[in-house]
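**Student:** Below is the structure I would like to discuss, written out as structure tokens.
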Amino acid sequence: MRRRQALSLLLVLLVSLAAHGQPTAHAAQPAARQNSALHRSATGFVPGQLIVGLQSDSVLAAQSAVAPVTMLHNRWGNLQITAAAALGQNSYQLDLPSQADIPALVEMIKRDPAVRFAEPNYRYDVLRTPNDPLFGFQYLPDRINLRHGWDVTTGSPGVIVAVIDTGVNPDHPDLQNKLVAGYNYVEGNDQPFDDVFHGTFVSGIIAAPGDNGVGVAGLCWQCRIMPIRALGRQGGTAGSLAQSIRFAVDNGARIINMSLGGAYDSTLLHDAVNYALSKNVLVVAAAGNSGDTDNAPSYPGIYPGVLEVGATDAADHLASFSTRNGNVGLTAPGVNIASIANDQDLLAYGAYSGTSFSSAVVSGVAALVLSVNPSLSADQVKQLLLSTPQDLGTLGRDDGYGAGRVDAGRAVDAAYPQSFAPVADPKAADATFFAATGHTLHGDFKTYWSTNGGLPIFGYPISEEFDETTPDGTFRVQYFERQRFELHPNPGAAATVLGGRLGELGLLRTGRDWQRLPPGDPSDPDCRFFATTGHTLCGPFRVFWEAHGLHVPGLSAEARSLQLWGLPLTEAQEEVNAAGDNVITQWFERARFEYHSLPGGTDRVLLGLLGDELARPALPGPSPTPQPGPNLDRCANIPAAQDVVIAPANCVLFGTTLELQITGFQPGEKITVQFVNEQGKVADQPKGSTTELTAATDGSASVAVDTSALTPGLWSAVFHGTSSGHQATIFVRIVDG
């Protein structure tokens with residue numbers, strides 16, 4: 001029989017799970033199987049806690065068994081131990097101030113001969129099991145190691161997957177707040193509604209949110225779908241597909257999923273695919289369903305550069321219908337795959353088979369990979385997926401399985417950017433090393449950080465510099481606890497450092513489009529109204545916003561605040577923050593303000609850890625608890641330094657390691673060091689410092705100071721040259737949060 005020229009959907013069989021209605025009809029079904037395996041969580045360790053194990057034959061072990069807090073506090077008084085819980089075998093959990101530099105303290109304690117080991121109190125989590133009612137019917141997550149992938153990331157709203165298909169039903173509860181603008185090339189309008197079901201089903205596999213108590217769990221919960229209708233009930237054409245591909249590329253898609261195919265090689269279609277590949281967009285396509293007939297090639301999957309996907313079943317056997325050929329790159333489950341569906345415009349769920357759905361699975365894994373490391377190119381994502389599958393069938397690549405069956409956990413682990421891995425202190429003159437996070441700061445980013453607020457505003461660096469593709473382009477970036485710095489080129493001039501629009505991304509991460517949120521009241525006389533976004537700025541948030549801004553000569557105070565924080569994107573309202581607390585919160589283009597009630601009856605504005613939250617996208621469970629920065633009022637009126645350069649800042653949290661560079665001395669002369677508090681008391685020398693330095697040939701010297709050995713307050717460090725009489729002085733305020 002002659003093949004129709006119209007392109008067809010690659011679908012085989014329907015096995016209905018639910019005919020109609022809401023998923024709550026399945027409440028009586030068996031619950032999803034629990035997996036209790038543990039792993040070390042990506043969230044790290046508990047702030048303010050460390051674990052110490054004592055040598056069993058030490059005097060300290062015997063003493064601590066009777067009075068652990070007293071004995072351990074006497075041993076390490078500078079730790080400010082508030083509690084010590086016995087854990088067995090001479091091991092204790094020590095509770096310290098929440099701002100304590102745990103990695104540095106661990107290294108200090110390890111040197112004590114009475115200590116057998118010391119380590120942070122690492123977090124562990126159960127491998128993730130969503131609460132979606134139909135999750136128990138989904139064998140896919142366990143088969144492709146998806147639970148482990150979810151323990152690293154559940155996706156990022158910055159990753160957009162274009163689904164070129166029959167459109168999408170935007171009213172389905174498992175697709176709410178998941179769609180960006182698409183197009184309908186079948187009817188020539190901007191309403192790509194799905195009247196077939198196929199595109200909706202595919203979209204659910206890729207991005208139906210998990211843990212929302214509704215229906216099924218897709219692969220990339222936070223990712224967004226760009227619905228493009230290129231196929232109708234009678235299929236589609238090369239023209240509609242080519243237009244759809246170009247629309248997806250030109251409107252920000254990072255991945256194009258094409259769960260479709262045809263028998264004809266179209267130059268128009270091939271050119272469009274090449275356009276996508278040239279623009280750094282990954283194209284994933286179904287291999288075809290002719291494996292039990294003629295194994296005919298399917299376009300566009302057969303084109304070079306496209307990641308063509310075949311189908312396996314729940315036992316990892318190659319599906320009988322899956323097309324075999326030399327271009328199959330990967331396989332993925334494609335037999336009885338559960339997802340969302342349309343049934344005569346009623347909301348439903350179902351299970352279907354076909355390489356269409358294997359393609360969607362691989363697109364979902366690719367989206368998780370890009371969520372973890374958005375700086376990867378399309379080809380790098382493809383090669384990463386091809387290098388991390390489970391090898392099935394004949395050893396090595398074969399025409400049925402390709403490189404193997406996709407493994408989401410392996411792929412996500414391999415994608416995690418090395419730039420976030422701690423590094424060793426480079427001991428370079430132009431770099432500042434932060435032991436608290438194991439990262440360095442230098443060049444333009446160091447200048448921007450130190451000039452515009454340092455630690456209280458931006459927090460510690462949590463990555464090294466690297467190139468990343470953001471929604472605004474590809475830039476040299478570095479992540480900090482509260483921000484991402486981006487180096488923007490300026491033709492004919494020096495590059496400019498800008499803060500990333502992390503507030504807007506953070507809202508999208510939680511499924512909120514600020515342009516759709518209720519506006520503020522422009523008539524409120526006590527507030528400032530911003531017509532551009534339609535929101536107001538009032539009370540303490542207004543005071544904080546207006547009091548701080550970039551230090552750029554020639555800019556007005558308002559312009560400096562706009563450069564640092566951006567415009568308000570929401571009204572101030574009560575939200576549950578990452579720590580689980582109800583706090584008044586307001587989002588801005590580049591920041592999130594939170595109003596906290598602190599011990600002692602004081603209230604103040606704190607900054608959300610947007611950089612930390614977005615650098616490790618969609619970590620399961622609560623995000624790391626925001627650590628309070630110094631109260632900026634207490635950081636005011638610090639006397640200027642004389643012949644001393646300090647990093648990271650002259651107002652720091654207790655436990656921060658300071659790097660001091662002093663100048664103006666005679667080469668080789670001895671320099672005495674004293675630390676004096678506000679009451680005139682001379683302190684014992686802090687860890688890492690010394691009572692005497694020797695000037696280098698250029699008359700300079702450097703010293704590291706661990707502030708956990710000093711009490712909170714204003715301190716001066718006085719450096720005196722024993723030959724020249726020259727004196728260098730620096731004032732530092734140490735705050736306890």
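**Student:** First check a/c for the stretch 39-126, with a ≥ b ≥ c the square roots of the eigenvalues of its C-alpha gyration tensor; if it is under 1.5, answer rounded, and if not, answer prolate when a/b is larger than b/c or oblate otherwise.
**Tutor:** prolate
**Student:** Could I ask something else about it? Counting only Cα, what are the radius of gyration and maximum Cα-Cα distance Dmax of the stretch 462-588, in Å?
**Tutor:** 16.1, 49
**Student:** Would you mind working out the magnitude of the charge dipole of the stretch 39-126 relative to its Cα centre, with +1 at each Lys and Arg C-beta and -1 at each Asp and Glu C-beta, to the nearest 20 Debye?
**Tutor:** 60
**Student:** Continuing with this model, one more query. Got a sec to turn the phi values of the stretch 348-360 into Karplus ³J(HN,Hα) couplings, 6.51 cos²θ - 1.76 cosθ + 1.60 with θ = phi - 60°, whole Hz, x for Gly and Pro?
**Tutor:** These are the phi-based 3J(HN,Hα) values: 8, 10, x, 10, 10, 10, x, 5, 3, 7, 5, 4, 5 Hz.
**Student:** Once the other residues with Cβ under 12 Å from the Cβ of Glu465 are scored (Lys, Arg +1; Asp, Glu -1), what is the net sum? Write out the running numbers ahead of the final one.
**Tutor:** Values: positive: Lys446, Arg476, Arg484; negative: Asp444, Glu464, Asp467, Glu468, Glu486.
Net charge around Glu465: -2.
**Student:** Through the Karplus equation 6.51 cos²θ - 1.76 cosθ + 1.60, θ set to phi - 60°, convert the phi angles of the stretch 142-155 into ³J(HN,Hα) values in whole Hz; use x for Gly and Pro.
**Tutor:** Once θ is set to phi - 60°, the couplings for the stretch 142-155 become 6, 5, 9, 6, 6, 4, 5, x, 5, 6, 9, 7, 10, x Hz.
**Student:** Turning to a different aspect of this structure: Would you mind checking Lys110/Lys427; Lys279/Lys427; Lys382/Lys446; Lys427/Lys670; Lys178/Lys382 for any pair whose Cα atoms are more than 32 angstrom apart?
**Tutor:** Going by Cα-Cα distance, Lys279/Lys427; Lys382/Lys446 fall outside the 32 Å limit.
**Student:** Let me ask you something else. Just want the ordering: Thr697, Thr355, from fewest to most Cβ atoms lying within 10 Å of their own Cβ.
**Tutor:** Thr697, Thr355
**Student:** With only Lys, Arg, Asp and Glu charged, each at its Cβ (+1 for the first two, -1 for the last two), find how big the charge dipole of the stretch 436-620 is about the Cα centre; round to the nearest 20 debye. If you can, show how the numbers build up before the last one.
**Tutor:** Values: 15 positive and 24 negative charges, 50 e Å.
Computed about the Cα centre, the dipole is about 240 debye.
**Student:** Taking the beta-carbon count within 10 Å as an exposure proxy, list Val168, Val412, Val735 from fewest neighbours to most.
**Tutor:** Lowest count first: Val735, Val412, Val168.
**Student:** Could I ask something else about it? Would you mind calculating the gained length between Tyr139 and Gln55 on full extension (0.36 nm times residue separation, minus the Cα-Cα distance), in nm to one decimal?
**Tutor:** Gain in length upon complete extension: 25.4 nm.
**Student:** Among Ser244, Ser353, what is the fewest-to-most ranking by other Cβ atoms within 10 Å? Kindly include the intermediate steps, with their values, before the conclusion.
**Tutor:** Working: Ser244 29, Ser353 24.
Least to most surrounded, the residues fall as Ser353, Ser244.
**Student:** When the convex hull of the Cα atoms of the stretch 304-343 is projected onto a plane and the area is averaged over all directions, what value comes out in nm²?
**Tutor:** It is 3.9 nm².
**Student:** Follow-up. Quick one: net charge of Thr394's neighbours, Cβ under 15 Å, K/R +1, D/E -1? Walk me through the numbers before you get to the answer.
**Tutor:** Working: positive: Arg324, Arg397, Arg405; negative: Asp316, Asp391, Asp398, Asp399.
Overall, the nearby charge balance is -1.
**Student:** Using 1/(1 + (r/R0)^6) with R0 = 30 angstrom and r between the beta carbons of Asn74 and Thr711, what's the FRET efficiency to the nearest 0.05?
**Tutor:** With a Förster radius of 30 Å, E is 0.95.
**Student:** Put +1 on the Cβ of each Lys and Arg and -1 on the Cβ of each Asp and Glu in the stretch 481-570; which of Phe541, Pro489, Cys527 then has its Cα farthest toward the positive end of the dipole?
**Tutor:** In the stretch 481-570, that residue is Pro489.
**Student:** List the residues, sorted by chain then number, that are 5 or more residues from Thr312 or on another chain and whose placed amide H is less than 5 Å from its amide H.
**Tutor:** When sequence neighbours closer than 5 places are left aside, the close amide H contacts are Ala319, Ala332, Gly334, Val335.
**Student:** What full-extension length gain, to one decimal in nm, is calculated for Asp112 and Ser556 as 0.36 nm per residue of separation minus the Cα-Cα distance?
**Tutor:** 154.4 nm
Where a number appears in this text, it was derived from the coordinates with a stated rule and is not lab data. Nothing here was measured: the structure is a model prediction, and the numbers come from that model. Cβ sites come from the backbone with ideal geometry, for glycine too, and all protein chains shown count toward neighbours.
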